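Presented below is the structure to which this report refers.
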2 protein chains.
Amino acid sequence: MNAKRQIHVSLLTMPTLAHNDYGLWAHPESQKHRFREVSFWQELGRICEEAKMDALFFADGLGIADSYTGSIEVSLREGMHVPVLDPLLVAAAAMTATTNLGWATTISTTFEPPFGHARRMATMDHITDGRAGWNVVMSFLKNAEENFGVDAGLSRDRYNRSEDFMEVCYKLWESSWDDDAVIADRESQEYIDPSKVRRIDHVGEHYSSSGPALWDPSIQRTPVIFQAGMSTRGREFAGKHAEVSFMINREDDAFRASIADLRAKAAGFGRGRDDLKVLAYCGIIVGKTEEEARQKLAEFEKFTKVDGYLAHENALNGFDPLKHPRDKLVIDALAEDGLREETATYARGPEWTIGDLLDHVKDLAAEKMVAVGDPVHVADLLEQWMDEFDLDGFLLRSFLYPGSATDFRDLVVPELQRRGRYRTEYEGTTLRENIFGAGHTRIAESHPAAAYKAVTV
Amino acid sequence: MNAKRQIHVSLLTMPTLAHNDYGLWAHPESQKHRFREVSFWQELGRICEEAKMDALFFADGLGIADSYTGSIEVSLREGMHVPVLDPLLVAAAAMTATTNLGWATTISTTFEPPFGHARRMATMDHITDGRAGWNVVMSFLKNAEENFGVDAGLSRDRYNRSEDFMEVCYKLWESSWDDDAVIADRESQEYIDPSKVRRIDHVGEHYSSSGPALWDPSIQRTPVIFQAGMSTRGREFAGKHAEVSFMINREDDAFRASIADLRAKAAGFGRGRDDLKVLAYCGIIVGKTEEEARQKLAEFEKFTKVDGYLAHENALNGFDPLKHPRDKLVIDALAEDGLREETATYARGPEWTIGDLLDHVKDLAAEKMVAVGDPVHVADLLEQWMDEFDLDGFLLRSFLYPGSATDFRDLVVPELQRRGRYRTEYEGTTLRENIFGAGHTRIAESHPAAAYKAVTV
């Protein structure tokens, strides 16, 4: 393992009020209530670029979580992922404030056909000059199915549908137009050479699409593919398709094993160690001194709302600790509810009771992979986690907007740069170069999308 | 009729190389080749705003026209609507350069489900502070159906599908959230009042959607609805839904009758004379002097490509004059091909032969509603057309980018303002106020969308 592996960081966000920062919108320094304003996102983008991050990464949701307490009430009161704007449009509106930062958006493959999506991503890559990323997700939230008027069977078949969806996109992005199809000859007034544009004529189990792509190749062609996959099937998908995968923070052997398995799956698809970057979801509460960091933490915890975290957890895994007595062991409660042990991320050991869990939801520092301290301590932890779990970097969480990002820029980045673990200048101009280095603008030859590169008629 | 009716103008464009300006991208002053650059659209938006236009209006297409000459070759060589970027993303990226101009985008109701679209439009309205417009179209191009993998039956049923689609959107935009649902109380840390958010539970013939809307109400709620409807069924749809309708330029009795019929249909839906603005598609080639305008015209005609116009016409109506002998009458050729007389917009009278038509494709000044001359002459014509056809304004065509828009701003607008026919300041800040006047930010009570306003559970 390379001890000096560079640390890659992207900032996680969502164009909504509250997302892993429940209650903190009410903090006097929070600007998160401005999430409908382009200027808010432009400012955040500039901070991320000054911090020389790879990308600003937008989560999304297509329905309102309604299982916790049996209604959408908690989601609404907490502003938990609602209102949520369309992340791609927000990113398109704000991205002109930056020149190197990537803009990665979460878009589901479940409800809309691939052709329109493929054009939207190609447009984003064109207008950003090659800085578009796509976090591939499959939807399963009941209210999302209801919103799109589809039955649950469609969501259950989501991985197979998604494989077909990806194939349509790859064909449109990689095989439909040659790089030199646009000739733009002002003398002959001929714009495109028709011999260099072709149909894809895809007929899959779920999707058919003829092409040709309606757009000429953008700088990256295929946008950088992000994917989170925690389940076995999810890791199979990520191992094949993801160029950047992010894993929910669990500092244990199971977490290490998941990452090793993801890397093994990628290798099984013929992909090299450096063709897939693995980031861990991570929170940083940093001050110039340990004391300053502890003061920030105490303030964050003062505004933190337990309800938001429990409702979010519940939406992810269906677990509701309030249905169980305080003295029951969490593992017993999970077993009783038919849930896997690792789904309850607020239980931190086999001996934890429901009471322990409820008492510690607000205890942000006790969460996995939350670093609290001065810049040296935080950098030590990041380096330690990089090695301990074979990571390539972190997907950074915000407690405070934009305070968490400015603190990272001002306090952590200089320390990591001093240690030679963090870029001092961007290597290129595209998102894929931010992640894989100068010159790596197009998708790697080992990626399945590249299989379509050479198709000609 | 009010002789001093204000003249409303929006600029028609398309995020592609060539669109009603075939060949002119090769003009030395044209900037249209920069259509993939946000800065190009920002500059164009600023010019439109300086010209105090209502909106910049983006056309779209979802397939490559392939019927003319039996292939996509001409479309590609001419850059005729290909490459074409996603108009909504382009508009979102560029709109921050303006503060009053509306940004209206063409989006089809045919291939994607309404929920995602409704969120995208609401997002656009939020991030533009109420300046979003939607041009409702239904797709029928064969290659578009192939791209989305649907059979032709779906397109044939497009009006019924579209009615259902509109209803889902109206319910999501108008009925799902009360205006005061977001309370954002920092003391209680309560963001949304759950009693003011409700499901729509729409179950239609084609679409089902439960809601609630995932977004709080944007400034306009329903974006300004644009629609072009030339057929009888199209006018029925536009008479019901359109707030702004635009008609393809035909300076004849049939054109006058179409507009009168559209207004009658709107009245039949209980809508007032001023609830539907009718714009005519119009070209202006203006110089400080008549001679200067004629010089511009001659230059434009030098670069104009006949092939692009014939292919565009063919895509709209299936007519190919090259299949007929030069001495045949156009009306006979149309009858032979089973086409209506008014479909061939380059034939300008019953006595025209195929040869006349082919000889005049490049004759831009002979097209209907193309004004060539000095500012006084152009303003005279616009005023005359306003009265003659009972219009509310014009959808302006560009021959040269951005020359046609700057000429309109610098030469025509001051003359129209001198005559009291054109705004000197914007009346408000939203697109609907640009069109209907100060205070008219929300949809009129007479519009079918307003029927959903009061729904409560």
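Points worth noting:
- Accessible surface buried by the A/B pair amounts to about 6400 Å², both sides summed, 1.4 Å probe.
- Rounded if a/c under 1.5, otherwise prolate or oblate - the stretch B:351-406, Cα gyration tensor axes: oblate
- Only beta bridges with both residues in the protein assembly as shown are counted; by DSSP, about 15 percent of them are antiparallel.
- Evaluated at q = 0.31 Å⁻¹, the base-10 log of the normalised Debye intensity for the stretch B:83-127, with identical point scatterers placed on the Cα atoms, takes the values -1.29.
- Gyration tensor (alpha-carbon) shape descriptor, the stretch A:269-342, a/c threshold 1.5: oblate
- The lysines within cross-link reach of residue B:368, meaning a Cα-to-Cα straight distance under 19 Å and a gap of 8 or more places when in the same chain, are B:296, B:305.
- Take the Cα radius of gyration of the stretch B:235-310 and divide it by 2.2 N^0.38 Å, N being the number of residues; the result is 1.53.
- The charge dipole of the stretch A:188-252, taken about the Cα centre with unit charges on the Cβ atoms of Lys, Arg (+1) and Asp, Glu (-1), comes to about 100 debye, rounded to the nearest 20.
- The coefficient of translational diffusion for the protein assembly as shown, derived via Stokes-Einstein from the alpha carbon Kirkwood radius under 10 °C and 1.306 mPa s, stands at 55 µm²/s.
- Those residues of the stretch B:74-90 for which accessible area with every protein chain present is at least 20 Å² below the isolated value (1.4 Å probe): B:76, B:77, B:82, B:83, B:84, B:85, B:86, B:89
- Around the Cα centre of the stretch B:407-446, unit charges on the Cβ atoms of Lys, Arg, Asp and Glu (plus for the first two, minus for the last two) sum to a dipole of about 100 debye.
- For the stretch A:225-376, Kirkwood radius (reciprocal of mean inverse C-alpha pair distance, Å): 17.2
- Relative contact order computed over the stretch B:39-116 (Cα-Cα under 8 Å; 6+ residues apart), in percent: 44
- The stretch B:1-107: mean projected area of Cα convex hull, nm²: 8.8
- Solvent-accessible area of residue A:419, all protein chains in place: 40 Å² (probe radius 1.4 Å, heavy atoms, ligands and nucleic acids excluded).
- Across A:380, A:151, the residue with the most accessible area heads the list, and the full order at a 1.4 Å probe is A:151, A:380.
- Sorted from greatest to least, the principal axis extents spanned by the alpha carbons of the stretch A:317-457 come out as 61, 50, 29 Å.
- The share of C-alpha pairs in the stretch A:26-80 whose separation exceeds 14 Å stands at 69 percent.
- Peptide B:110-121 - average C-beta neighbours from other chains (10 Å radius): 5
- Three-way shape call for the stretch B:117-202 based on the alpha-carbon gyration tensor, with the a/c threshold at 1.5: prolate
- What you get for chain B, charging only the Cβ of Lys and Arg (+1) and of Asp and Glu (-1), is a dipole of about 440 debye around the Cα centre.
- Placing a label point 7 Å from Cα along the Cα-to-Cβ direction at residue B:349 gives distances to the equivalent points in the other copies of 9.7 nm, listed shortest first.
- Counting only DSSP beta bridges with both residues in chain B, the antiparallel share comes to about 15 percent.
- Amide N of the stretch B:370-385 lying under 16 Å from the label point, which is placed 7 angstrom from the Cα of residue B:295 along Cα→Cβ: B:373-375
- When nucleic acids and ligands are ignored and a 1.4 Å probe is applied, residue A:207 ends up with an accessible area of around 20 Å².
- Within the stretch A:204-251, the ratio Rg/Rh, alpha carbon atoms throughout and Rh by Kirkwood, equals 1.13.
- Accessible area per residue (1.4 Å probe, heavy atoms of protein chains only) ranks B:446, A:398 as B:446, A:398, with the largest value leading.
- P(r) tail fraction, the stretch A:65-221 - alpha-carbon pairs more than 27 Å apart, %: 38
- When all protein chains stay in place and ligands, DNA and RNA are ignored, the 1.4 Å accessible-area order of A:332, A:179, largest first, is A:179, A:332.
- At the residue level, residue A:206 shows approximately 50 square angstrom of accessible surface with a 1.4 angstrom probe and all protein chains present.
- Taking the DSSP bridge list for the stretch A:16-157 and keeping only pairs wholly inside it, about 10 percent are antiparallel.
- For chain A, carbon and sulfur atoms together expose 50% of the accessible surface, with a 1.4 angstrom probe and every protein chain in place.
- Shape summary: chain A maps onto an equivalent ellipsoid whose semi-axes, from the alpha-carbon gyration tensor, are 37, 26, 21 Å in decreasing order.
- Helical contribution to [θ] at 222 nm, DSSP H n ≥ 4, -39,500 (n - 2.57), averaged over chain A, rounded to 500: -10500 deg cm²/dmol
- P(r) tail for the stretch B:154-230: Cα pairs beyond 17 Å make up 55% of the total.
- Surface accessible to a 1.4 Å probe, per residue, for the residues of chain B, Å²: 34
- 10 Å Cβ neighbours from other chains, averaged over peptide A:4-17: 1
- Under-5 Å amide H pairs with residue B:80, H placed in peptide plane, nonlocal only: none
- Each copy carries a label point for residue B:450 at 7 Å from Cα along the beta-carbon vector; from one copy to the others these points are 6.1 nm apart, nearest first.
- Each 10 Å bin from 0 upward holds the following percent of the Cα-Cα pairs of the stretch B:186-304: 11, 23, 22, 22, 12, 8, 3, 0.
- Only one residue of B:203, B:162, B:223 has its Cα farthest out toward the positive end of the dipole of the stretch B:131-258, where Lys and Arg carry +1 and Asp and Glu -1 on Cβ, and that residue is B:162.
The values are calculated or read from the model by the stated rules, or taken from the named source; none is laboratory data. What you see is a predicted model, and the numbers here were worked out from it, not measured in a lab. Ideal geometry is used to build each Cβ from the backbone, glycine not excepted, and the neighbour counts take in all protein chains shown. To get the accessible areas, we keep the full protein, side chains included, count just its heavy atoms, and leave off ligands, DNA and RNA. Shrake-Rupley method; radii C 1.70, N 1.55, O 1.52, S 1.80 Å.
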